[in-house]
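Below is one structure; the comments refer to it alone.
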């Protein structure tokens, strides 16, 4: 039996490549009464995605946010940058099944999406799944996660 997801506060950031997708995600978060920490960027000027990944990972690691969302063009750069931090389990998801599994099996704490890879409807379904799916807390999943948390 799965536990109930306890995500209430979400940190979100994007680079210029992810800007087009962010307003729809923010709307969903606000409509569903999540507390949102928006770290930008809010225009199309070129920025360095690692800087924005750092803001979200710091919020998650410090406990200011229960989870994070990062958006760039493909999701790859943000995923790499976020996963450099110990304690971060950032999952690049381009479908609902991956979002569900990333939470259920891996207890992922950051969702990463590529705005140039998926459309807004799919991104909203992925976001909803990621934020509502609990970690199964199954012994085998805990054992596996502990192996890379050293």
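The values are calculated or read from the model by the stated rules, or taken from the named source; none is laboratory data. Everything numeric in this text was worked out from a predicted model, so none of it was measured. Quick reminder, even Gly has a Cβ in these numbers, built from the backbone with ideal geometry, and neighbours come from all protein chains shown.
Tabulated data
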{"item": "Number of the exception - residue 103 against (1) under 22 Å from residue 62 (Cβ atoms); (2) part of a helix (DSSP H, G or I); (3) at pLDDT 95 or above", "result": "(3)"}
{"item": "Residue selected from region 35-46 under the condition surrounded by 13 or more Cβ atoms within 10 Å (Cβ to Cβ) and touching a helix residue (DSSP H, G or I) at 6+ places or on another chain (Cβ under 8 Å), by the criterion modelled with the lowest pLDDT", "result": "40"}
{"item": "Counted residues, region 6-39 - those being in a strand (DSSP E or B), more than 15 Å from residue 131 (Cβ to Cβ) and without any contact (Cβ under 8 Å) to a residue 40 or more places away in the chain", "result": "1"}
{"item": "Selection within region 47-84 - part of a loop (DSSP other than H, G, I, E, B), without any contact (Cβ under 8 Å) to a residue 40 or more places away in the chain and surrounded by 17 or more Cβ atoms within 10 Å (Cβ to Cβ)", "result": "47"}
